[in-house]
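As structure tokens, the structure follows; a few thoughts come after it.
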Amino acid sequence: MDLLKTAQGVSQAGYSVLLFDFRNHGESDSGVTGVGLNECQDVVGAVNYLKNRLRSPSQVAFVSFCMGANSTIVALSKAKEELANVKCVVAVQPVSASVFVRSFMRDVFTSASLMLVPVVDTMCQWRGGYPLKEMSPLTYCRDIETPVLYMQAKTDPWTEPSDIESFYGDRWS
């Protein structure tokens, strides 16, 4: 997906567009990540930045990828009032940390490496404070009112389609 073309299309549709780099990700300094649980504050901060920078950012849309999608979903759940002007979200490949770690280890190493998942889980808790099972947008996506288009590559070896299906599955049944 071409991020700049996507941003251009969102802008041409009348939405404010802000591209930013999460802390501890990309070119920023390294550190601890909550796979969206901490970074949701960055989403709120970005929207507040838009509110202060633009005269009237009445419509904000997010095109969020992976951890960015997780962060946006968590932010929409935790900061409903502050994010009331967010009108829609395109969530590209949000993923639960437990699914990602399991899939990554199976793909990069061997199925036998799955025995190490509890060790990775313990290390994540020691380093960042969250168990793998909590680093997921699942519990947050069910109570947001903003329309979300979920997108997932079915052939991505580091995810499982059932993970993203669980984010919206029972909401529409």
- Query: Quick check: anything in segment 49-68 without any contact (Cβ under 8 Å) to a residue 40 or more places away in the chain, among the hydroxyl-bearing types (Ser, Thr, Tyr) and more than 26 Å from Gly9 (Cβ to Cβ)?
  - Reply: no
- Query: List, please: which pairs have Cβ atoms under 8 Å, are six or more places apart or on different chains, and start with a residue in segment 5-26 that is under 18 Å from Ala69 (Cβ atoms) and end with one that is of a type in the set (D, E, K, R) and at pLDDT below 80?
  - Reply: Asp21/Glu27; Arg23/Asp29
- Note on the structure: Cβ pairs under 8 Å, 6+ apart or interchain, first in segment 143-154 and loosely packed, with under 13 Cβ neighbours inside 10 Å, second among the charged types (D, E, K, R), ordered by first then second residue, are Glu145/Lys80; Pro147/Lys87
- Check Lys87, Lys78 and return the single one that is out of contact with any strand residue (DSSP E or B) (no Cβ under 8 Å at 6 or more places or on another chain), farther than 17 Å from Ser166 by Cα, surrounded by fewer than 21 Cβ atoms within 10 Å (Cβ to Cβ) and in contact (Cβ under 8 Å) with a residue 12 or more places away in the chain. Lys78
- Query: Can you name every residue in segment 105-129 that is surrounded by fewer than 15 Cβ atoms within 10 Å (Cβ to Cβ) and acidic (Asp, Glu)?
  - Reply: Asp107
- Item | Residue check, Pro94 closer than 27 Å to Gly14 by Cβ, part of a loop (DSSP other than H, G, I, E, B), more than 20 Å from the chain's Cα centre (by Cα) and modelled with pLDDT under 95 | no
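Right, Ser113: of a type in the set (Gly, Ala, Ser) and over 24 Å from Thr72 (Cβ atoms) or not?
Yes, satisfied.
Kindly indicate the residue of segment 101-119 that is in a helix (DSSP H, G or I) and not hydrophobic (A, V, I, L, M, F, W, C) and also nearest to Glu160 (Cα to Cα) among those meeting that condition.
So the first thing to find is which residues in segment 101-119 are in a helix (DSSP H, G or I), and the list is 101-108, 111-119.
With not hydrophobic (A, V, I, L, M, F, W, C) added as a condition, the list becomes 102-103, 106-107, 111, 113, 118.
On the way: Arg102: 10, Ser103: 8, Arg106: 12, Asp107: 12, Ser111: 15, Ser113: 17, Pro118: 19 Å.
Filtering first and then ranking leaves Ser103.
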- Task: Please find, within segment 160-173, the residue that is nearest to Thr6 (Cα to Cα) out of those that are under 15 Å from the mean Cα position of the chain (by Cα) and modelled with pLDDT under 90.
- Result: Ile164
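The values are calculated or read from the model by the stated rules, or taken from the named source; none is laboratory data. Computed from a predicted structure; not experimentally measured. Heads up, the Cβs are rebuilt from the backbone with ideal geometry, glycines too, and the neighbour counts pull from every protein chain shown.
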